[in-house]
Amino acid sequence: MKTQGEIEAAICEGMSHFEQDYMGRGPKNIHAHLIGDLIVVRLQGVLTAAEQQLVKSLASKRGRDLLKDVRTQLIETARPLLEAMVQDVTETKVLSLHHDVSTVTGEEVVVFTLAEAPAFRETRKK
């Protein structure tokens, strides 16, 4: 049985591989937090150079909306893969996935809702 930290680290690794394989580059920073039956993943520095240029070159609302639409479509297309990765790591069924990206900060947040809080072993105290 994994510890909470091992679960969070495995989720970070899986999300980082996803970003590299599907989006073309990995995040500069990534953290996952297991909070009861939720997994919150915060990825920083995810926008590619092309995405940053798109947001800058078009009218602010149009560039932002286009980037968010594309990123949302990519996440939705890969949803079964992401849910399977989280389910493998947590050994718990994924009920839903929520996603948003900031075109201003280049930060992305993905939240997974699980059927129940996953079991994990306590870490040993030193």
- Item | Subset tally (residues that are in a loop (DSSP other than H, G, I, E, B) and open to solvent by 90 Å² or more (accessible area, probe 1.4 Å)) for the range 87-126 | 10
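Quick grid of which residues meet (1) assigned to a helix (DSSP H, G or I); (2) free of Cβ contacts under 8 Å to residues at least 24 places away in the same chain:
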| site | (1), (2) |
| --- | --- |
| 5 | yes, no |
| 17 | yes, yes |
| 32 | no, no |
| 39 | no, no |
| 54 | yes, yes |
| 61 | yes, yes |
| 70 | yes, yes |
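If I ask for residues that are under 21 Å from residue 6 (Cα atoms) and either surrounded by fewer than 17 Cβ atoms within 10 Å (Cβ to Cβ) or aromatic (Phe, Trp, Tyr) (or both), which ones from the range 43-62 would you list? Outline the logic, then answer.
Applying the first criterion (under 21 Å from residue 6 (Cα atoms)) to the range 43-62 yields 43-44.
Passing the criteria: only 44.
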- Taking the range 23-37 and keeping only residues that are closer than 12 Å to residue 11 by Cβ and open to solvent by 60 Å² or more (accessible area, probe 1.4 Å), one is left with 31, 33
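Looking only at residues in the range 16-61 that are among the hydrophobic types (A, V, I, L, M, F, W, C) and touching a Pro at 6+ places or on another chain (Cβ under 8 Å), which one is farthest from residue 119 (Cα to Cα)? Write out each step before concluding.
Initially, the range 16-61 is screened for residues among the hydrophobic types (A, V, I, L, M, F, W, C), giving 18, 23, 30, 32, 34-35, 38-41, 43, 46-47, 49-50, 54-55, 58-59.
If we keep only those that are touching a Pro at 6+ places or on another chain (Cβ under 8 Å) too, we end up with 34, 43, 46.
Values: 34: 11, 43: 25, 46: 30 Å.
Checked the range 16-61; the qualifying residue farthest from residue 119 (Cα to Cα) is 46.
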- Per the filter on the range 63-78, residues open to solvent by less than 60 Å² (accessible area, probe 1.4 Å) and of a type in the set (D, E, K, R) are 65, 68, 71
- Message: Exactly one condition in (1) among the hydrophobic types (A, V, I, L, M, F, W, C); (2) in contact with a helix residue (DSSP H, G or I) (Cβ under 6 Å, 6 or more places away or on another chain); (3) at pLDDT 90 or above is false for residue 38; which is it?
- Response: (2)
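The values are calculated or read from the model by the stated rules, or taken from the named source; none is laboratory data. Please read these numbers as outputs of a predicted model, since none were measured by experiment. Ideal geometry is used to build each Cβ from the backbone, glycine not excepted, and the neighbour counts take in all protein chains shown. Accessible surface areas use protein heavy atoms only, side chains included; no ligands, DNA or RNA. Shrake-Rupley method; radii C 1.70, N 1.55, O 1.52, S 1.80 Å.
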